[in-house]
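Computed from the coordinates by the stated procedures, all read-outs in this text should not be read as laboratory data. This one's a predicted model, so the numbers in the text were calculated from it and none came from an experiment. Note that each Cβ is placed from the backbone with ideal geometry, even for glycine, and that neighbours are counted across all protein chains shown.
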Amino acid sequence: MNSRAYQWNILWRFTLLFVDMLAFSFALQQDQWYVTTGVTGLMMPVLGYSMVSYMNRYRRQVRDFLLTIRQKDYQTYYKQKPEDQRNPGDLDDAFHTITRELQNVRIDKEAHYHHLREVVEHLETGVISYKDEGEIHLLNQSARNMLQMPIIERFQRLKGYHHRLYEEIIHLNPGERKVVHLPVKGQNLSLAIRVNTFRLQKQPFTLVALQDIRAELEARELESWQSLIRLLRHEIMNSATPISSLSEAAKDSLEEILQNKEHIPEELHGELKDLQLSMNTIHTRTQGLLKFVQTYRKLTGVPEPTPESVDIAGLTRHVLHLFREEMERKEIELITRIPDDPITIQVDPEQIEQVEINIVINAIDALDGCHKPTIEVRLEKRNGSGVILSIADNGEGIPEDSLHKIFMPFYSTRENGSGIGLSLARQIMKKHHGEIRVHSPPGKGTTCELYFP
C-alpha cells in the first residue's frame, strides 16, 4: 500500500463527504428541491461507508501481515515486490523489508540449528535428550554405536536393550556422575554417565551424556601395573642378585672342599653333601626368580614402534606358517579368509608379529581336548574403520567372571601361562593407536580382534 496514495484517497473521500453535506444543507433550505435533498442525503452514508471501508482495508492488511509473522508463512501472503514500485516511504515496502529480514533470520536460525545438530551427531560422546514423558528429542550416532541399538522414539525402550543402564540413568540426580560397566555384544564397556536437566520453551528435558572411558581406565591400569612391576623387579633384583652370587660362590667352595676328601673328617662328609645340595637349590631357585623378573621386564620396556609399510595379509600368512606343523600334529583345522591382494598398513612388523604369535598360541592352547578343533583367521579392510584381523577358536571359551581379567599382568587361565601375552599385545596395539578386543560367549569359543587405524 502506497502511503501517499492512501492519504490522498482519505482526503478526497473526506472532501466529497463535506461537499455533499454542504449540498444537503443548502437543498433543505430551498423549496421543492426534493430530488436534490434526497440524493445528497443518500450520498452521505454511502460516502461515509466508503471512507470507513477504505480505512478498514488498511487495518485488515496490517492484521494479515501480523498473522503472517505469527504463522511464519512469509511466502503465502506477500509476493516479491517489483523493482519499479520501490518507494522507501510506502507501507508495502516496509512490509516487504520486514518479511525479507524475518525470512533471513529464519534461514539463519535453521542453518544454526542444523549446524549444532551435525556437531552433536559427530561427537564422540553419546548424547540422549528426552522429555519428561519419555519422548526422545535427540539420540546421536555415537550413543547408538556405543550401545549397539537403533533409533528409538521413547526413552523407556532403552530398558529392552540395556536394563541396567536404564535403571542407573533414572536413579541419577541432576549433576551426578557415575561409572557403569556394561556388557554390549561381548564387549565390556566402561561408561561415564552424567545426567542434567534443562527447560526449553517451558518444556523440561533430561540430558544424558555417555562417555566410553575404557581407554583412560586401561591406560591408568597399565600405568599402575607397570609401576608395581618396576617396584617388584627392583626389590627382587636387589635381593636376589647378591643371594645368587653368594650361593654360587659357596657352591663352588663346597665343590672344591669335597674334591679333597682325604683332608676332611669322615663325619663331615654327609653334612657337607647336604650343604652342597642346599646351596645348589638356593642358587637354582634364585636364578629362576631372576629369570622370572626378566620375563616380566618386557611389560615395562616395550619400545616405541618404528612404523613402516607392511602387508598385513602377508605377515599374517607368515605367522600361521610358523604354527602349521603344530596345528597338523594336534589335528587343528585352520580356516583362513585373507584377501589375495596386499593390504598395506603403517606398523612395526616385529611388534605386530609378536602380537599375532601370542594370540595364535592362546588359540591353540584353548583347543586342548576340544572335539574337531578349529581356528578361523579373517582379515578385512573396512571403509572408514581401518583393518580388522580376527582370530577365532571353537574352544570352551573364557568364563564370564574372568573375561575382564585377561589383560591383567600375571593373570592366565592356563596352569603354565605367564600372564603377559595379552597384556603385552594390548600395550603394543595401544602404541600403534589400535585396539584389541576379545569376545567369548559362554561355550562358543573365543574371538580376538585386532583393529588397525
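List of remarks:
- Karplus (6.51, -1.76, 1.60) ³J(HN,Hα), θ = phi - 60°, over the range 9-25, in Hz, Gly and Pro reported as x: 5, 5, 5, 6, 5, 5, 5, 4, 5, 5, 5, 4, 5, 5, 5, 5, 5
- Each residue of the range 153-166 was assigned a 3J(HN,Hα) from its phi angle through the Karplus expression (A = 6.51, B = -1.76, C = 1.60, θ = phi - 60°), giving 8, 10, 5, 4, 6, 4, 4, x, 9, 9, 4, 5, 4, 4 Hz with x at Gly and Pro.
- Amide H contacts of residue 189 (H built 1.01 Å from N, under 5 Å, at least 5 apart or other chain): 182, 184
- In a DSSP loop and with at most 15 other Cβ atoms within 10 Å, the trypsin sites (Lys or Arg not before Pro) in the range 4-74 are 72.
- Taking amide H as placed 1.01 Å from N in the peptide plane, the amide H of residue 405 sits under 5 Å from none that are at least 5 places away or on another chain.
- Total formal charge among the other residues, if their Cβ is under 12 angstrom from that of residue 282, Lys/Arg +1 and Asp/Glu -1: +1
- Of the cross-linked pairs 372/405; 131/178; 405/431; 381/405; 131/159, those separated by over 25 Å at the C-alpha level are 372/405; 381/405.
- Put simply, the amide H of residue 137, placed in the peptide plane, has neighbours under 5 Å in 129, 130, 131, leaving out anything fewer than 5 places away on its chain.
- Qualifying GluC sites (Glu not before Pro) in the range 89-162, DSSP loop, other Cβ atoms within 10 Å at most 15: 124, 133, 153
- Between residue 334 and residue 157, the C-beta separation translates, for a Förster distance of 41 Å, into a calculated FRET efficiency of about 0.45.
- In sequence order, calculated HN-Hα J values of the range 326-341 (Karplus, 6.51, -1.76, 1.60; Hz; x Gly/Pro): 5, 5, 5, 5, 8, 6, 8, 7, 9, 10, 10, 10, 10, x, 6, 6
- Maximal additional length on extending the residue 241-residue 132 stretch stands at 32.5 nm, based on 0.36 nm per residue less the C-alpha distance.
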